[in-house]
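Trainee: My questions will all concern the structure given below.
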Amino acid sequence: MYSTSIREALQRAASFLHRQGIASARREAELILVFLLEKGLAYLYTHGEKELPPDLAARYEEMLLRRGEDVPFAYLTGEKEFMGLPFRVNEAVLIPRPETEHLVETVCQWGREILTGAAADRSQPLYILDLGTGCGNIAVALAYYMPEAFVLGVDKSAAALELARQNALENGVDDRVEFFCGDFQGFFVQNERRFRVVVSNPPYIPRSELPFLPPAVQKEPGLALDGGEDGLDAYRTIFSYVQKALLAPGLLALEVGESQAASVLALGRRAGFKEARTVQDLAGRERVAVFQTRGCPGAGRKSG
């Protein structure tokens, strides 16, 4: 292995990623090297003449080759930040997106209002169901920022749940987060538990659009992307069962894809939800569909 300085390695890396069609090639070359060096970005510029150890240079080349094959950056590093918390990720799970933080924030805000209301029973824990938990980012973030919450995450991928358990442990909420392995319908059929909140970022990409997703996104698990012919299959399943799982007052919060909000709201109203609204993301897109229950019969059934 030939010797190379940080500056030379970065120049070659950026040139390679650019030829491979990677956007922001220089930035990604820097971030990968920063990850390997365990240093800040400033280190690259103040130590440009420093020689890279041969073993680190070899690892850098290997990661660059994988990135050049459109492997997502988060899979290369094995980590992704979400809601200010660190999460381990791998090819078994969808990579957490910043847009999904709006979903968590919506639930946290509603939870605070419920817990501080005049009729609030603060002796009762807040039971939350997370459908399609993946790496556990939604479930773990909700438990972390809502100390009174107990969260159950559901996913049919055992590999995803293994990672989610690790993330719950490493973020210090494993005592308030549990997991169920199975699909949405299977969970509802097998469980009579009731929840104050049901939340989900389900698969919502129409099947015909999957081949046209960016190459890096196509590296993510199809199970977490494929929403059926029109992208609404998972929502239909949720609405078929969720009324029986929600306490009153209760909240159902769903992330939705672009141009899907109206269809999801219509599904919710047909399922009996009287109160429905949307929450926009920072780009002004309707990102979260929100449904509420009030005073439903049977609200006193067991929860959790």
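Trainee: So between Gln218 and Gln190, what do we pick up on full extension, going 0.36 nm a residue minus the alpha carbon distance?
Mentor: Going from the current span to full extension adds 6.8 nm.
Trainee: Residue farthest toward the positive end of the dipole of the chain, with Cβ of Lys/Arg at +1 and Asp/Glu at -1: which of Leu103, Ser208, Gly172?
Mentor: Leu103
Trainee: Highest first, please rank the peptides 79-90, 273-284 by the mean number of other Cβ atoms sitting within 10 Å of their residues.
Mentor: Ranking, from highest mean packing down: 79-90, 273-284.
Trainee: Take the Cα radius of gyration of the chain and divide it by 2.2 N^0.38 Å, with N its residue count; two decimals is plenty. Let's see the in-between values first.
Mentor: Values: Rg = 21.8 Å, N = 304, 2.2 N^0.38 = 19.3 Å.
Taking N as the residue count of the chain, the ratio is 1.13.
Trainee: 5 Å is the cut-off here: which amide hydrogens, built 1.01 Å from N in the peptide plane, fall below it relative to Leu126, excluding neighbours closer than 5 in sequence?
Mentor: Ala149, Phe150
Trainee: Measure of size requested: the Rg and Dmax of segment 108-206, with Cα atoms as the atom set and Å as the unit; please supply both.
Mentor: Calculated on Cα positions, Rg and Dmax stand at 13.6, 43 Å.
Trainee: Next up: Within the chain, what percent of beta bridges assigned by DSSP are antiparallel, to the nearest 5?
Mentor: Here the share of antiparallel DSSP bridges comes out near 45 percent.
Trainee: For the residue pair Gln11 and Lys156, what label-to-label distance in nm results when each label sits 7 Å from Cα along the Cα-to-beta-carbon direction?
Mentor: Roughly 5.3 nm, to one decimal.
Trainee: If the convex hull of the alpha-carbon atoms of segment 197-304 is projected onto planes in all directions, what is the mean projected area in square nanometres?
Mentor: Numbers: hull surface 30.6 nm².
Projected over every direction and averaged, the Cα hull of segment 197-304 covers 7.7 nm².
Quick note: the coordinates plus some simple rules give every number you see, no bench work behind them. Model, not experiment: these values are computed from the prediction. Glycine also receives a Cβ, built like all others from the backbone with ideal geometry; neighbour counts cover every protein chain displayed.
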